[in-house]
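Take this structure first; my questions come after.
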Amino acid sequence: MPDGVRLHARLWLPADADASNPVPALLEYLPYRKSDWTETRDHERHPWFAGHGYASIRVDIRGNGDSEGVFTDEYSETELSDGEAVLAWIAAQPWCTGKVGMFGISWGGFNALQLAARRPEPLKAIITACATDDRYDNDVHYVGGSVLAVDMTAWAGAMFAFVARPPDPLFVGDEWRRIWDERLAGVEPPVLTWLSHQTRDEYWRHGSVCEDYDAIQIPVLVVDGWADPYHDTVLRLVEHLPGRAKGLLGPWAHQYPDRANNPGPAIGFLQESLRWWDRWLKDEENGVDEEPDLKVFIESYRPPQVRYGDVPGHWMATSWPAPEVIVHEHTFHQASVPISQGWVTVRTPQHLGVHAGRFFPFGGDADLPPDQRGEDGRSVVLDSAPLIEDLTLLGIPLARLQLDCDQPRGQVIVRMCDVAPDGSSRLLARGVLNLSSRHGRDRDVAWVPGAPETVAVPLTSVGVTIPAGHILRFAVSSAYWPWVWPHAQPVTLRLDLDHSRVDLPRLAGGRVPTADEVMFEPPLQMQPKQVPQPALPQSTRPIREVHHDVRTNTWTVEVDPGYVPLKVLDNGLVYQEDSREVYRITDDDPTSAVATSRWQIQLCRGKWNVRTTAHQQVTATANAFRVQAQLTAECDGELVAAREWDVLVPRTVG
């Protein structure tokens, strides 16, 4: 880097690439440790691209993996300026034509978008998967202006542990200890920064490409799945980057589409990626630029299950906004509670939301939301009559609610469910609004009790067919733990049914996709490395457990993230993690909410044995969040670092 810090990279080159036969290059730029954590996933795609005529490069971000320096925050100015320097270095190599593409999922998709907006000359096209254009309102920190308890705290705890991992002596030599000591001295719990910016201020505008879509002038392939929390980004980018963006929106979770197994079906995404690169980095006229702007999977009915294999449904091709979609005003005529002069009262228990499912479904055995009947029963339910014909929705439902709140601060949550004739309820979409953010996420406007207002609550987008005979359900609540952090006072909402509605994006009845409208090749992957893995002892710990202490009326959700329990690499490294998230709340006391994250990570090879332990707990009073954290690091059984934090962060909108 220009300041002398060295970043570590792994490069896969075509056998014949040299100065006399230069090739285009591809970059994946991540903090997730190329030498161990993503080594398996990297092997699935980088060698494949190299085998098809591309130099494929995987770089560890500063302060992570084997790279030097100190990591300060996600998508920092340092990270992005380093990225520009990396792109320039790649383009200047004799084996490179000077044309570079970027790809990545999640973090790598984020910084690919952000670097594209900075317009570095070598960067000619990107593929961004499971990423967002809006770092404030569509990431792991806030939703609808509310603090995301389930992932603000969980992901902060994970990154707190991740950045404390040492580099590997096999790759950096004796410098590993100096690099690690510098890293341990510089680490700070990320949640402190994230909670310090509770409105959409300049901190969140940095890196949010939705602030200026026109800054991106190169071709963008944006990819996601309905089970992933970032899937709205596909529709926004296709709409706001006309002629530059193509969208691919399938049934998947937070995985590349060729890896998707829950939900599926997987597709030949490597082949799709290759066609994209061949068009924009090799100038092959392969028709990619002439294809429809959006390829989207419309899900058919499936029962609510926490794990689901291949989802029934069909693909369709369209533009976005789609001319086939019309807005249908859905009004409310009945409720699960008494109606008084057109109004209903909403006051839900604090634990409503314990069956929301995982914020980031990775395809695990307990990731997806279970049957919502219990959650519906704790909400105010507004049901349609049984549908007389199939209803296909494609787009973003928008709830427009006339309501009042008895406190200056409150939240309203709207869930949309498909209720089958047997009574089972499958969650289709949800929306959250922090009422003090109702006039804009960049401001804090207290509610005036007794002065009803109409508020807009956008739900997450859907592509689904609800069969005839089913019921379309909207469930309204004033709490949704641990998805969002509750305000300090329990609230009572009043909802005016006569002046409330939901704008539904309905697919016109005459639009019937054909079987060959969208077709993909079967999924391909490189053969995995044949490294014997030790058998893990059968765990008796649940992946996700909900516990109710009836005596105290306290609800606890315990989650095992289960990223990389144990991995043995062909270079002799043994990498092992143990992690647990705990969320707890007592029903009559919003200030009882507590979110805890604990990580232990161990790396060993021969006599080299290091271990880091990170613990983080977040609580809140009416006036402040309290973050308590501890970090310890050991080498060969000797304690090398021990740090503690106990910090109060004032509550504003949060």
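Ordered by packing density, taken as the mean number of other Cβ atoms within 10 Å over each peptide's residues, highest first, how do 155-166, 281-292 rank?
Averaged packing, sorted descending, gives the order 155-166, 281-292.
Here's something else I'd like to know. Say R0 is 30 Å: what FRET efficiency, to the nearest 0.05, do Val568 and Ser76 get from their beta-carbon distance? It would help to have the intermediate numbers written out before the result.
Values: r = 33 Å, r/R0 = 1.11.
Step by step, r from the Cβ atoms, then E = 0.35.
Another one. How many percent of all Cα-Cα pairs in the stretch 544-650 sit more than 25 Å apart?
On the way: 2205 of 5671 pairs.
Summing the P(r) of the stretch 544-650 above 25 Å gives 39 percent of all pairs.
Compare the peptides 383-392, 190-199 by average per-residue count of other Cβ atoms within 10 angstrom and give them in order, highest first.
Ranking, from highest mean packing down: 190-199, 383-392.
Calculate the length of the line joining the C-alpha centroid of the stretch 247-296 to that of the stretch 110-158, in whole Å.
20 Å
Calculate the spin-label point distance for Lys529 paired with Ala456, positioning each point 7 Å from the Cα along the beta-carbon direction, and give it in nanometres.
5.0 nm
Taking only Cα atoms, what is the 0 to 90° angle, nearest 10, from helix 269-281's long axis to the longest principal axis of the chain?
70 degrees
I've got another one for you. At a Cα cut-off below 15 Å, give the aspartates and glutamates reachable from Lys124, other chains included and same-chain residues fewer than 8 away excluded.
Glu28, Glu84, Asp278, Asp283, Glu284, Asp289
Compute and list, largest first, the equivalent-ellipsoid semi-axes of the chain from the alpha carbon gyration tensor, each √(5λ) rounded to a whole angstrom. Working shown, then result.
Numbers: eigenvalues 316, 196, 100 Å².
The three semi-axes for the chain are 40, 31, 22 Å.
Binned at 5 Å from 0, what are the whole-percent values of the Cα-Cα distance distribution for the stretch 325-507, short to long?
1, 8, 17, 21, 21, 17, 9, 4, 1, 0
Can you compute the helix-only [θ] at 222 nm over the chain? Use -39500 (n - 2.57) per DSSP H run of at least 4 residues, normalise by all residues, nearest 500 deg cm²/dmol.
Value at 222 nm, helices only, nearest 500: -4500 deg cm²/dmol.
Can you run phi through the Karplus equation (6.51, -1.76, 1.60; θ = phi - 60°) for the stretch 471-482 and list ³J(HN,Hα) in whole Hz, with x for Gly and Pro?
With coefficients 6.51, -1.76 and 1.60, one gets 10, 8, 10, 10, 10, 10, 9, 10, 8, 7, 8, x Hz.
Testing the spin-label approximation: label points 7 Å from Cα along Cα→Cβ at Met1 and Glu211. State their distance in nm.
In this crude spin-label approximation the distance works out to 2.0 nm.
Sticking with this structure for a sec: Within the stretch 416-438, what residues put their amide N at less than 12 Å from the label point 7 Å along the Cα-to-Cβ vector of Arg373?
In the stretch 416-438, the label zone of Arg373 (backbone N under 12 Å from the point 7 Å along Cα→Cβ) covers 420-426.
What pairs from Lys99/Lys567; Lys282/Lys529; Lys99/Lys529; Lys246/Lys282 go past 26 Å between their alpha carbons?
Pairs exceeding the cut-off: Lys99/Lys567; Lys282/Lys529; Lys99/Lys529.
Turning to a different aspect of this structure: Rounded, prolate or oblate: which fits the stretch 82-176 when a ≥ b ≥ c are the square roots of the eigenvalues of the alpha-carbon gyration tensor, with rounded for a/c under 1.5 and prolate only if a/b beats b/c? Each step should come with its number before you reach the end.
Numbers: a/c = 3.30, a/b = 1.27, b/c = 2.59.
Oblate.
Against the longest alpha carbon principal axis of the chain, how many degrees, from 0 to 90 and to the nearest 10, is the axis of helix 77-91 turned?
50 degrees
When DSSP assigns beta bridges and you keep just the ones with both residues in the stretch 355-484, what percent turn out antiparallel, to the nearest 5?
Bridges in the stretch 355-484 that DSSP calls antiparallel: roughly 100 percent.
Provide the packing ranking of 174-185, 225-236, i.e. peptides ordered by the mean count of other C-beta atoms within 10 Å per residue, highest first. Display every interim value, and only then the final one.
Numbers: 174-185: 15.8, 225-236: 25.2.
Packing order, densest peptide first, comes out as 225-236, 174-185.
Now a separate question. In nanometres, what is the gap between the two model label sites at Leu192 and Asp18, each 7 Å from Cα along Cα-to-Cβ?
5.3 nm
Let me ask you something else. First obtain the Kirkwood hydrodynamic radius of the stretch 481-561 from its Cα pairs, then insert it into the Stokes-Einstein equation at 37 °C and 0.692 mPa s, and state the resulting D in µm² per second as a whole number. Intermediate values should be presented prior to the final figure.
Numbers: Rh = 21.3 Å.
The Stokes-Einstein estimate is 154 µm²/s.
Quick note: the coordinates plus some simple rules give every number you see, no bench work behind them. Predicted, not measured: the structure shown is a model, and the values here were computed from it. Please note: Cβ atoms are built from the backbone with ideal geometry, for glycine as well, and neighbour counts cover all protein chains shown.
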